[in-house]
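Beneath this line is the structure, given in C-alpha cells, with notes to follow.
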Amino acid sequence: MVGPAEMFTVFLVMLGPLKILGPFAQRTRGVDDATTRQIAWWTFIVATLAAIAGGLLGSRVLVNWHVSLPALTLTAGIVFFLVALSQLLEQYEPSHALAPEALPPSPIAAACRLVFPTVLTPYGIAAVIALLASSGDAVRTMTILLVLVGVMVLNLLAMSFAKRILVGLTVMVLQVLGAVLAVLQVALSVQIILTGLRSLGVLASQ
C-alpha cells in the first residue's frame, strides 16, 4: 500500500511547484504584486477544489464504468510518459521566444486560465483518482486529501514568491533540477506503465 511519503512524492512530481514557477512568472510578468498574490490565491483555491472534486467524482465514475485501477494506471502512465518525454526533448530544441498570452484582468478568470493544465495535469488527476479509488476507509481517504492539499499549499507559496525566486543563481539551480526531474519523470512514467501492465497480467510480476 502506498504510504503518505510515497503519495507526497507522486503529487509533488505530478502536481508540484517546480513545473509551475516558470509559467506562472511568465504569465504574470508586468502584473503588480498585489494582483499577482490574488491570482496565486485564486489559482490555489480553484486548483485545490477541482483536484478534490475531480478525484472523488472520478473514483466514483471509475466504479460505475467498470474501469479497473490497472487500466487507469496504464492510461496515466502513457499520458505522463508522452508529456515527460516532450518536456525532456524540448531542452535540445532551439528556443522560440513567444510572447505569453495575456491574462484576463479579473484574478479569478486569470486563475482559471492557469489551473488547467499548468497546475492540474491530466496524469496528476489520474493519480488522485487512482489513490482515492483504492482507498479502503475514511481515514486513508482523508490522508490522501491532506497530502494533496499540502502540495497545493507548496504551489501557493511558489506562485506567491515566483518573481523573487526566479532571480540570479536560483534560476540556474532550478534549471539543473528541472533537467534532472525531466529524466526522472520519464523513468517514473515507464515504471507506472510497467506496473499497469503487470496488474493487467500482460507482464509477469517480478
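The values are calculated or read from the model by the stated rules, or taken from the named source; none is laboratory data. The shown structure was predicted, so the numbers you read here are calculated from the model rather than taken from an experiment. As a convention, Cβ positions derive from the backbone with ideal geometry for all residues, glycine included, and neighbour counts pool all protein chains shown. Side chains are part of the model used for accessible areas, which takes the heavy atoms of the whole protein and leaves out ligands, DNA and RNA. Shrake-Rupley method; radii C 1.70, N 1.55, O 1.52, S 1.80 Å.
Couple of notes before you dig in:
- Residue order for 119, 83 - accessible surface, 1.4 angstrom probe, largest first: 83, 119
- Extension gain, residue 142 to residue 66: 0.36 nm times the residue separation minus the Cα-Cα distance gives 25.0 nm.
- Global form of the stretch 11-89, assessed from the alpha-carbon gyration tensor, a/c cut-off 1.5: oblate
- Both radii come from the Cα set of the stretch 75-197: Rg as radius of gyration, Rh as Kirkwood radius; their ratio Rg/Rh reads 1.00.
- For the stretch 1-96, applying the loop criterion from DSSP together with a ceiling of 13 other beta carbons within 10 Å to the chymotrypsin sites (Phe, Trp or Tyr not before Pro) yields 65, 92.
- Cα coordinate range in the stretch 1-156, projected on the principal axes (Å, largest first): 47, 36, 29
- Karplus-derived 3J(HN,Hα), 6.51/-1.76/1.60, for each residue of the stretch 171-185, Hz, glycine and proline x: 4, 5, 4, 5, 5, 5, 4, x, 5, 5, 4, 4, 5, 5, 5
- A 1.4 Å probe run over the stretch 22-146, with the rest of the protein chains in place, finds 56 Å² accessible per residue.
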